[in-house]
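Structure record follows, encoded as structure tokens.
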Amino acid sequence: MKLYDLEPSGNCYKVRLFAALANIKLEIVPVDFLGGEHKRAPLLDLNPLAQLPILVDGKQVIYDSHAILVYLAGAHGGLAWWPAHPFGQAEIVKWLSFSANEIQHSVCAARLVQKFGYALDYDAAVEKSPRVLSVLDQHLKANEWLAIGRPSIADCAVYPYVVLAHEGGVDISGYPHIAQWINRIEALPGYLPKP
């Protein structure tokens, strides 16, 4: 399996992190993002949105980090990461949506502005961050993991941009349950250090 990857990307890191935790072997293919390699063939043929990561598994091509997490967990990670029961799947998808919406438009957007110079509304992203982090911290006050009572792809989806929040100027030190959750993730066998 090939993962077309950008090292500092939080979305690419989600996939690399999960693969490391689940002991899934990936061939990492670095992409010249600054050179626009993702905006031309053959990568543009694989993902017409011109975004990373892209996973190629035989004839299967999957893009979007959350879609890749679901695919890898279902096809290669076993029931430990993606349960067979609909309620467990719904719990995980809820947090994938939280990652794609609340996290994306708060701590992630702030990081994109500060670290990479994206033309996004930095003030709005920073203003949203405490509410988003409070929701996460409150959930983790009563739960060790985000879903299904154990590590899952939900944790892999939410963790990267939260742990990298400082790169966007967002302070997470006031959220003790998030800090404990970060420590639990980083203590998992196979943990891949953040970029």
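The values are calculated or read from the model by the stated rules, or taken from the named source; none is laboratory data. If you're wondering where the values come from, they're calculated on a predicted model, not measured in any experiment. Here the Cβ is made from the backbone with ideal geometry for all residues, glycine too, and neighbour counts use every protein chain on show. Side chains included, ligands, DNA and RNA excluded: accessible areas come from the protein's heavy atoms. Shrake-Rupley method; radii C 1.70, N 1.55, O 1.52, S 1.80 Å.
Structure data summary
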{"item": "Potential extension, H177-L192 segment - 0.36 nm per residue separation minus Cα distance", "result": "3.3 nm"}
{"item": "Net charge, A67 excluded, C-beta distance under 15 Å - Lys, Arg +1, Asp, Glu -1", "result": "-1"}
{"item": "FRET efficiency, S134 to R40 (Cβ-Cβ, R0 41 Å, nearest 0.05)", "result": "0.45"}
{"item": "Nonlocal amide H pairs with V29, under 5 Å, H built at 1.01 Å", "result": "L3, Y4, D5"}
{"item": "Antiparallel %, DSSP beta bridges [both residues in the chain], to 5", "result": "65 percent"}
{"item": "Under 13 Å, Cβ to Cβ, from V126 - net charge with Lys/Arg +1 and Asp/Glu -1", "result": "-2"}
{"item": "Fraction in percent of alpha-carbon pairs per bin - 10 Å, the chain", "result": "9, 36, 37, 16, 1"}
{"item": "Loop trypsin sites (Lys or Arg not before Pro), segment 1-105 (other Cβ atoms within 10 Å of the site Cβ: 14 or fewer; DSSP)", "result": "K25, R40, K59"}
{"item": "Estimated distance in nm for a label pair at A80 and E127, the labels positioned 7 Å out from Cα along Cα-to-Cβ", "result": "4.4 nm"}
{"item": "For the chain, accessible area per residue (1.4 Å probe, heavy atoms of protein chains only), Å²", "result": "48 Å²"}
{"item": "Accessible surface of the chain, 1.4 Å probe, proportion on carbon and sulfur as whole %", "result": "55 percent"}
{"item": "Debye-sum result for segment 1-83 in log10 I(q)/I(0), which assumes one identical scatterer on each alpha carbon, at q = 0.26 Å⁻¹", "result": "-1.34"}
